[in-house]
Amino acid sequence: MPGLTIGDTVPNLVADSTHGKIKLHDYIGDSWTILFSHPADFTPVCTTELGKMAAYAPEFANRGVKLVGVSCDDVQSHNEWIKDIEAYTPGCKVTYPILADPNRDIIKQLNMVDPDEKDNSGKPLPSRALHIVGPDKKVKLSFLYPATTGRNMDEVVRVLDSLQEASRFNYKIATPVDWKQGDPVVISPSVSNEQAKEMFPQGYKTVELPSKKDYLRFTNVKNVN
Ligand code: BEZ
């Protein structure tokens, strides 16, 4: 059975957290939500990642996005660890909840188990998984990194902007390589040229290609609502 992946509804799990008991669907409500896991508390890469997530919390809040971390240790351990994270990232507070998962039920349900990482007692540990969940509670994007590779928060913001932009245009646009907020977008292949003229009155540019197929069409939606 494949685990939770793009298009799946996240399970409505209930978990203890640093903010008390959380029922996941209630927490998500009708917001975009980033669910991210870490191998273990009091580990070096994780401390840098959670600190950076705290530093970027205003970026996510501006985009209407909620955050929730997952690590296997218990809530008491998370609360102790938060003091280290905040000391490492001065001026930043960990305002998002971190779920506790001592029995590994949550990481299994969220497809966050790292097959290679085990704790001292041989229990599985989470990978650096990150799911971006839409207001419909479906997974829109997932990252899966091993314990040895810390993530890049600018990339998390970038892909979030792409997802929200595509959603804003009802998935009739997509974002090309290295796209950043404000750059031109491409028009989806499902949109005919006739439809594109109506949908994008600001116009669009078709790139001439050796195939003579007119599928690479750029338009600017920067100030378009
Ligand atoms: C870390 O967060 O630094 C880490 C955790 C588990 C394995 C390797 C690195």
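We did not get these values from a lab; they are worked out from the coordinates using the rules stated. Nothing here was measured: the structure is a model prediction, and the numbers come from that model. Ideal geometry is used to build each Cβ from the backbone, glycine not excepted, and the neighbour counts take in all protein chains shown.
Listing for the model above:
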item	result
Debye intensity ratio I(q)/I(0), log10, the range 115-225, q values 0.15 Å⁻¹ (C-alpha model)	-0.76
Residues 192, 37, 121 arranged by fewest to most Cβ contacts within 10 Å	121, 192, 37
CD proxy at 222 nm, helix term only [per DSSP H run n ≥ 4: -39500 (n - 2.57); per residue of the chain; nearest 500]	-8500 deg cm²/dmol
Sum of side-chain charges, residue 100 neighbourhood, beta-carbon under 12 Å (Lys, Arg +1; Asp, Glu -1)	-4
Efficiency of FRET between residue 42 and residue 62 - r from beta-carbon atoms, R0 25 angstrom, step 0.05	0.20
Two-decimal ratio, the range 110-164, of alpha-carbon radius of gyration to 2.2 N^0.38 Å	1.32
Antiparallel bridges, percent of DSSP beta bridges restricted to the chain (to nearest 5)	70
Projected area, mean over directions - the range 1-132, Cα convex hull, nm²	8.0
Sparsely packed GluC sites (Glu not before Pro) within the range 1-85, loop by DSSP, other Cβ within 10 Å at most 12	none
Modelled label reach - residue 195, point 7 Å along Cα→Cβ, the range 126-168 residues with backbone N closer than 16 Å	166-168
Greater than 22 Å apart at Cα, pairs in 93/140; 172/197; 21/66; 180/205; 140/197; 52/172	93/140; 140/197; 52/172
Among 47, 148, 175, residue whose mean-square fluctuation peaks in a GNM of the chain (springs only between Cα atoms under 10 Å)	148
Residue with peak Gaussian network fluctuation, the chain [Cα springs, cutoff 10 Å], from 191, 14, 157	191
Among 186, 156, 65: highest mean-square fluctuation, GNM of the chain, C-alpha pairs under 10 Å	186
Gyration tensor (Cα) of the chain, equivalent ellipsoid semi-axes in angstrom	37, 18, 16
Projected-area mean, the range 50-91, by convex hull of Cα positions, square nanometres	3.1
